[in-house]
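Before any comments, here is the structure.
The values are calculated or read from the model by the stated rules, or taken from the named source; none is laboratory data. Keep in mind that this is a model prediction, so the values were computed, not measured. For neighbour counting, all protein chains shown are included, and Cβ atoms are generated from backbone atoms with ideal geometry for every residue, glycine included. For accessibility, only protein heavy atoms count, side chains too; no ligands or nucleic acids. Shrake-Rupley method; radii C 1.70, N 1.55, O 1.52, S 1.80 Å.
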Protein chains: 2
Amino acid sequence: MGASTTEPQSAARNSRPVATIADVAAQAGVSVATVSRTLSANYPVAESTKSRVLDAVEKLGYVANAHARALAGATTRTVGIVIADVADPFFGYVARGVERQASSENRLCLIMATEADRDRELAIVDLMREQRADAVILVGGASDHAGYRKKMAARAKALAENGSVLVLCGRPSLGEEVPTVSVNYDNSGGAFAVTDYLISQGHRKILYLGGPANLSTTAARFEGFNRALQARGIAPDPELVHLGEFGRPFGYQRMREILASKTEFTAVFGANDLVAVGAMEAIAEAGLRVPEDISVVGYDNIPVSREVRPRLTTVNVPLEDLGREAVKAALGRFEYGSESANSTLGTHVVIRDSVRAI
Amino acid sequence: MGASTTEPQSAARNSRPVATIADVAAQAGVSVATVSRTLSANYPVAESTKSRVLDAVEKLGYVANAHARALAGATTRTVGIVIADVADPFFGYVARGVERQASSENRLCLIMATEADRDRELAIVDLMREQRADAVILVGGASDHAGYRKKMAARAKALAENGSVLVLCGRPSLGEEVPTVSVNYDNSGGAFAVTDYLISQGHRKILYLGGPANLSTTAARFEGFNRALQARGIAPDPELVHLGEFGRPFGYQRMREILASKTEFTAVFGANDLVAVGAMEAIAEAGLRVPEDISVVGYDNIPVSREVRPRLTTVNVPLEDLGREAVKAALGRFEYGSESANSTLGTHVVIRDSVRAI
DNA sequence: CTGAAAGCGCTTACAG
DNA sequence: CTGAAAGCGCTTACAG
């Protein structure tokens, strides 16, 4: 006890019980080169030698030091994923896809949450660069801040020069000349489709609710929304646009205010499912019914959209596939700018019970 | 194009544009030792020197190679978290706590999903051992398989000898002599409390639904359930026990079968919220009402329990805190077996609308 | 098929 | 306050 508290941490960390490749070599009576080769299985080794090495490994409980291995030139077998929040279903499902694909390619995942903070995002990319991740995957909407874009572009270049790659998953390109790989989903198309569906059901006064201004996701969805309005000859009404945040609390609160304000509308387009569900709650509290009095649609098709009553009509985003494709694209052979390096997955409307024809 | 496809991958990975500490030193006109010192900020360096180094770093876009740093003896500043599924809210919230605490202690998270597979779990721990993670946190229920326990205990020892630590978060100890840190929640106590609540509302025939046999979480919850029955003098009825899985589909399917079988009961204890919600859906489909005809409780208090109608009465588990505490305990100074190395967070019943007195 | 040795990019005593 | 040098634990040409 006394001893352990007086020892400096570094000494504790470096205590020598850890078996190294040299220990294994000694135990097996071979050179370290031979141990390395039998473990890497990338070079012929005699069967008898191999089994002696493996026995030694087993006996010593040896696992290679990934850092030494990485330093010596091997790949790190690591992919980084940066998301806004681990507990948010949108990111959770994308992360699941990344994790599953990475692990099927025998890689470990590094994960960090930005908490939707631009500077944190930049700092996290640097941390992953330090770790020499084979790829760094940026998930979800991006800030449209110019200084931020420039800084991220610089990191993309550094990563590329390093033999790694920055993957943009569900966010816009950083520019033609910036070496990145993109895996997107048809964000604006989904918004167009669900808005058009609302219009086809007779809705003309549609509230657009939620999503941070200055976020690429908001821009794309709002663009699709407006495009649908325009295609049907409906004039956009600024009074009906309420950007803000992506959470359920925002949807609930803002909807309460709007309901109190007596703004006229027959349907609400929630910028994501969480916002839509929050809005539904406010609507119910106000003594109104969905869809009889007000129709509501969401976006993302996360599980909650199936759980709520009435079940929410929404736009499906292939979240898990997005994650899988991101690592496939990042790790596959490709040329920057080539087709295979940039793909866009489809979205589609999932019709459930929250919209009524009027 | 042609060139890049003929180059071997390793050459691409090791292309030299990456600035090293030597490049920075040259650029700044100082020794590598000085660069290291100013970057680590753990040693006096003249202001003027420092700024020259920092300029060089900026100019070259230098970030230290984490592997070289780790190899040279510094800590890896990395914590590993192993969960069953990233997209499962239970694990998502614990992971959020881990991620937040780790990042506030300036550490990166390694994350991998076991898909509830024992052997995968063991393999993942080895991968994290290779990475020399400062701590490896095992989240959620553990298998009660004896061979598995032995293997995991061996890894705990190896980790400890390495200056790292295995953290058991929401799962039982591996034995007195096995060096681990535990952060638990009062699993059995929560089950006792919510069962007792059901009984206090007049329920006597309570169905226990879901959760894999052979999983520590199931064992703890079922034990609390039985203890509550016993405390009130209610004989346990094997007919009313339906173990199985943790997902919503299981809750739905099995409840359908049970409803069709005409088993008699007035309440159901869902082994977790997902199971409870699935059961509620089957009940509704059968034309029965919750709580008028059947009362239902869940466990975990994940968001869906608030989303469903009626809102689900459940047991709160401090998921995010569990994650935070796990990294605090792992990274704090402690002696194995000491109090601070082993804590248990409280659980409590959250009463909502899914239980009726009879 | 096997070994000796260089080198990966850092950190940290050891000397000034 | 600064530098030269050893060493961390691997992998990989280079020689047999």
* Structure fact -> Given backbone amide H placed at 1.01 Å from N, residues whose amide H is under 5 Å from that of A:GLY211, ignoring those fewer than 5 places away on the same chain, are A:GLY244, A:GLU245, A:PHE246
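Have a look at the DSSP beta bridges in chain A and tell me what percent are antiparallel, nearest 5. Intermediate values should be presented prior to the final figure.
Values: 4 of 37 bridges.
Restricted to chain A, the bridges split so that about 10 percent are antiparallel.
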* **Net lengthening on full extension, A:ALA26/A:LEU54 (0.36 nm per residue, minus Cα-Cα)** => 8.8 nm
* Copy-to-copy spacing for B:GLY175, label 7 Å out on the Cα-to-C-beta vector, in nm, shortest first? -> 6.1
* To do: Could you give the spread of the C-alpha atoms of chain B along their three principal axes, from largest to smallest, in whole angstroms?
  => 83, 54, 39
* Tilt relative to chain A, helix A:319-331 - C-alpha long axis, 0 to 90 degrees, to 10 -> 40
* If amide H atoms are built 1.01 Å from N in the plane of the peptide, which residues on other chains or at least 5 residues away come under 5 Å of the amide H of A:VAL241? -> A:TYR208
* Asked: Where is the GNM fluctuation largest for chain B (alpha-carbon springs, 10 angstrom cutoff): B:ALA133, B:ALA146, B:ALA46?
  -> B:ALA46
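Using a probe radius of 1.4 Å on heavy atoms only, what accessible surface per residue do you get for the protein assembly as shown? Whole Å² is fine. Show your work: numbers first, answer last.
Working: 30270 Å² over 716 residues.
Value returned for the protein assembly as shown: 42 Å² of accessible area per residue.
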* Structure fact -> The set of residues whose placed amide H lies less than 5 Å from the amide H of A:THR313, leaving out same-chain residues fewer than 5 positions away, is A:GLY298, A:ARG352, A:ASP353, A:SER354, A:VAL355
* Asked: If the cut-off is a Cα-Cα distance under 29 Å, which lysines reach B:LYS50, setting aside same-chain residues fewer than 8 apart in sequence?
  -> A:LYS150, A:LYS151, A:LYS157, B:LYS59
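Please report the orientation-averaged projected area of the range B:187-310, defined via the convex hull of its C-alpha atoms, in nm².
Details: hull surface 26.7 nm².
Approximately 6.7 nm², given one-decimal rounding.
Could you tell me the total accessible area buried at the A-B interface, probe 1.4 Å, in square angstrom to the nearest hundred?
Details: alone 18030 and 18010 Å², together 30270 Å².
Chains A and B together bury roughly 5800 Å² of accessible area.
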* **Surrounding net charge for A:ILE283, when Lys and Arg each add one and Asp and Glu each subtract one, Cβ distance under 10 Å** => -1
* **Cα pair distances in the protein assembly as shown, grouped into 10 Å bins until the bin that holds the longest one, percent each** => 3, 13, 21, 23, 20, 12, 6, 1, 0
* Along the range B:89-97, what does the Karplus equation 6.51 cos²θ - 1.76 cosθ + 1.60 (θ = phi - 60°) give for ³J(HN,Hα), rounded to whole Hz, x for Gly and Pro? -> x, 3, 6, x, 6, 5, 4, 4, x
* With springs only between Cα atoms under 10 Å apart, run a GNM on chain A and tell me which of A:ASN272, A:ASN226, A:ASN214 wobbles the most. => A:ASN214
* In nm, what does the list of distances from B:LYS59 to its counterparts in the other copies look like, shortest first, when each label sits 7 Å along Cα to Cβ? -> 5.5
* Asked: Considering only the protein assembly as shown, what is the antiparallel percent among its DSSP beta bridges, to the nearest 5?
  -> 15
* To do: Provide the gained length on full extension for the span B:GLN253 to B:TYR43, in nm with one decimal, where the gain is 0.36 nm per separating residue minus the Cα-Cα distance.
  => 69.2 nm
* To do: Filter the GluC sites (Glu not before Pro) in the range A:65-148 down to the DSSP loop ones having no more than 16 other Cβ atoms within 10 Å, then list what survives.
  => A:GLU105, A:GLU115
* GluC sites (Glu not before Pro) restricted to the range B:132-196 and DSSP loop, no more than 16 other C-beta within 10 Å -> B:GLU176, B:GLU177
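May I ask you to list the trypsin sites (Lys or Arg not before Pro) in the range B:244-326 that are in a DSSP loop and have at most 10 other Cβ atoms within 10 Å of their Cβ? Write down the numbers at each step before the final one.
Values: sites: B:ARG254, B:ARG256, B:LYS262, B:ARG289, B:ARG306, B:ARG311, B:ARG324; in loops: B:LYS262, B:ARG289, B:ARG311.
The qualifying sites are B:LYS262.
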* May I ask you to report, in nm to one decimal and beginning with the shortest, the distances from B:GLU292 to the same position in the other copies, taking label points 7 Å along Cα-to-Cβ? => 1.6
* Roughly how tilted is helix B:187-200, in degrees to the nearest 10 and between 0 and 90, from the longest Cα axis of chain B? -> 30
* To do: Give the percent of DSSP beta bridges with both residues in the range B:97-254 that are antiparallel, rounded to the nearest 5.
  => 10
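Given R₀ = 51 Å, FRET efficiency for A:ASN214-B:ALA33 by Cβ-Cβ distance, to 0.05?
0.70
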* Asked: In a solvent-free Debye calculation with one equal scatterer on each Cα, what is log10 I(q)/I(0) for the range A:240-358 at q = 0.16 Å⁻¹, listed in the order of the q values?
  -> -0.73
* **Additional length obtainable on full extension of the chain from A:ASP353 to A:LYS205, 0.36 nm per residue less Cα span** => 51.4 nm
